[in-house]
Amino acid sequence: MSDMTSISLDSIIKERLLTVYFQPIVNNKQAHIFAYEALIRGPINTPLHSPVVLFSEATKQGRLVELELLCRELSIEQFQHLQLAGKLFLNASPETLFQPDFRAGQTLKMLKKANLSPSRVVIELTEHSPLENYQVVREALKHYKEMGFEIAMDDLGSGYSGLRMWYELRPDYVKIDRHFMCNLGADKVKQKFVLSIKNIAKELNCKVIAEGVETEAEFKFIEKIGLQYCQGFYIAKPAALPLRKVDKQLFQSQIEKSIHFSDNQAPIVAELLQKIPAISELETVEYSAKLFELNPDWESIPVVELAPSGKQRPLGLIRRNCLTQLLFSKYGRELSGKNTISTLVDRNVLVIEGCLLTEQASHAINNQSQAQKALEFIITEQGYYAGVGSIMDLIKVITQLQISNARHANPLTLLPGNVPINKKLDQFIRSQSPFVIAYLDLDNFKPYNDYYGYEKGDQIITGLADILRSVIEDKMDFIGHIGGDDFIVVTTSQDWEILCNEILTQFSEWVRHRYLPEDQMMGGISASDRFGQKQFYPMLSLSIGCVALSPPSCKSYHDVAVLASHAKSMAKKCKGNSLYIAGNPAVKESALKVATIKATEHPVKVQRVKNSVLTNNETNNQQSLKLDYSLTA
């Protein structure tokens, strides 16, 4: 083989020295990968690595058709080899259709050999020179469509592409050139052009793909106006091992991201996921080395085996330094290049499920043996490979979480205060899953605090917090301290009513021992009210108001606060330890009743009401209530 720095086009074609890159095309509305465009690169570290230079040289030598057919064949083979989902966009120059050596039906043969349906392939027309003979191109495209292919037109608004070509060829897709995407969020004129293209496409029943979307501002605008598809560095760069699953966070605003990572509840491991494509342990050492060359920022590549279901089971990691030592040894590449990487795979790698909380993952990483300690770990989804995670990213999230918790925690109980409570409620609302909010408030706390002193009063508050922690053990549930003697519990447990009764039972037993024996005998204390008059105050009791919420009952934590405040105020109307439940409208009438449950010597009164959402009058009345501590503070 000739020196790679001066390799010829002839050598490239004969020896098939081309690499196929794939760039995802995303469905903006559904936030998933719709298709991949196949892109070609020549041998690395040569002038012909650039596709512009490569195809220009082929045109000069009259070998454009030959090169394009080879590119098409390699693209189809690699698309199937990687088992990529969705459609495959294949680039084609219209001028090749005029060449005498153009062979009709070649693409169909390639697809048949690869067992790929033509319905999954889109022929993307890319112009390198003016197009004049529209009739010939129309006939060729008609031939493709009859075989089941779809047609796309590239770079609308750039070079020789324009409205005339769009009108003449009537493609299924049209790609808006990168020129119109650049700084789109701030350029009003470009916005009008893009809107016009969208409107014309709608009339022609043509799908629009925004190409070259590189920034969040550009993406936000195309999302705002309803363009269905996009492609660009904002989603992913072209890669030999392309992105397989789009990052959902790219489709959320920065505000939503900051709220998500500032919640008191730790983020899950999946939010740290990096989409590095995996390879089989049967791949060669040479192939792995080439991937590292093409991706200089990678320190390791995940290695997997294919399950019968088609999903990937993680085996371990192939590390850059391991290959470097091997290939740079004397005769290393010659002796080992064709061998598989199976013996070089580091299988002693930490594998963590994506649904695990980052705090739990941190404990798992800290507990691993010294031999296992590394800078990355594998993330799985139900046991199958999903991506990799960085230890440094995990440390950053844990540190941010600890700082946020400390800043907003109640200083007495160290439970989350109002800011994380509000964020947590909004998170539950966004999840669109049912949940129950319980608002807890102590009865007769002020007289007790005045009679026994602030130190004893603080012990009551911290004691109740400890009871809540002991009963609410599910990591997905949430306990917050609004302030004073007011607490919040948010739970998705189906046994939430049992949990509430357990809280009342434990509290009623525990609180008796916070009184002097003589006060226990009396069942309370005699103390002066605000007017100096002696009053008898029964022992401390706990009122819990519960609201079961199903989406879309509330739009924000403000709405939840009003409902919870109402339920709590209703609970406080009952004497002693009480549980007031604002039930779901779906609850049968026979279940709507008042029951009494014994909790040691103090009855727990359980009231149910039919309505789970207040009327406008009730809402207004509750908003006018003066509360000592507000959820919305």
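What do you reckon, is GLY148 at pLDDT below 80 and assigned by TED's automatic domain parsing to the domain that holds ILE25?
No.
So in segment 499-515, with the set limited to residues that are aliphatic (A, V, I, L, M) and closer than 22 Å to LEU425 by Cα, which one is surrounded by the fewest Cβ atoms within 10 Å (Cβ to Cβ)?
Only one residue tops the list, namely LEU499.
In segment 272-329, how many residues are part of a helix (DSSP H, G or I), more than 25 Å from LEU17 (Cα to Cα) and without any contact (Cβ under 8 Å) to a residue 40 or more places away in the chain?
Looking only at that region, the number is 3.
Buried (at least 19 other Cβ atoms within 10 Å of the Cβ), at pLDDT 85 or above, out of contact with any helix residue (DSSP H, G or I) (no Cβ under 7 Å at 6 or more places or on another chain) and charged (D, E, K, R): does that describe GLU68?
No: the conditions fail for GLU68.
What's the number of the only condition in (1) closer than 20 Å to HIS481 by Cβ; (2) within 34 Å of the chain's Cα centre (by Cα); (3) not in a strand (DSSP E or B) that CYS554 fails to meet?
(1)
Matching residues to (1) assigned by TED's automatic domain parsing to the domain that holds LEU414; (2) in contact with a Pro (Cβ under 7 Å, 6 or more places away or on another chain); (3) in contact (Cβ under 8 Å) with a residue 40 or more places away in the chain:
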position	(1), (2), (3)
PHE478	yes, no, yes
ILE503	yes, no, yes
LEU516	yes, no, no
SER526	yes, no, no
PHE531	yes, no, no
LEU540	yes, no, yes
LEU549	yes, yes, yes
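Sort out for me the helices (runs of 4 or more DSSP H) sitting completely within segment 157-221 that have 3 or more residues that are free of Cβ contacts under 8 Å to residues at least 60 places away in the same chain and either surrounded by fewer than 15 Cβ atoms within 10 Å (Cβ to Cβ) or of a type in the set (A, V, I, L, M) (or both).
In segment 157-221, the matching helices (runs of 4 or more DSSP H) lie at 163-169, 188-203.
When the residues of segment 403-435 are narrowed to those that are of a type in the set (A, V, I, L, M) and buried (at least 21 other Cβ atoms within 10 Å of the Cβ), which ends up farthest from TYR454 (Cα to Cα)?
LEU425
If I go through segment 222-234 residue by residue, how many of them are surrounded by fewer than 16 Cβ atoms within 10 Å (Cβ to Cβ), part of a loop (DSSP other than H, G, I, E, B) and of a type in the set (A, V, I, L, M, F, W, C)?
Total satisfying the criteria: 1.
Can you tell me which of PRO94, PRO24, PRO47 is touching a helix residue (DSSP H, G or I) at 6+ places or on another chain (Cβ under 6 Å), on the phi < 0 side of the Ramachandran plot and buried (at least 21 other Cβ atoms within 10 Å of the Cβ)?
Testing whether each residue is touching a helix residue (DSSP H, G or I) at 6+ places or on another chain (Cβ under 6 Å), on the phi < 0 side of the Ramachandran plot and buried (at least 21 other Cβ atoms within 10 Å of the Cβ) leaves just PRO94.
Being among the small types (Gly, Ala, Ser) and in a helix (DSSP H, G or I): is that true of SER543 here?
Details: among the small types (Gly, Ala, Ser): yes; in a helix (DSSP H, G or I): no.
Judged against the criteria, SER543 is not a match.
The values are calculated or read from the model by the stated rules, or taken from the named source; none is laboratory data. All values reported here derive from a predicted model rather than from experimental measurement. In this analysis, Cβ positions are derived from the backbone assuming ideal geometry, glycine residues included, and neighbour counts consider all displayed protein chains.
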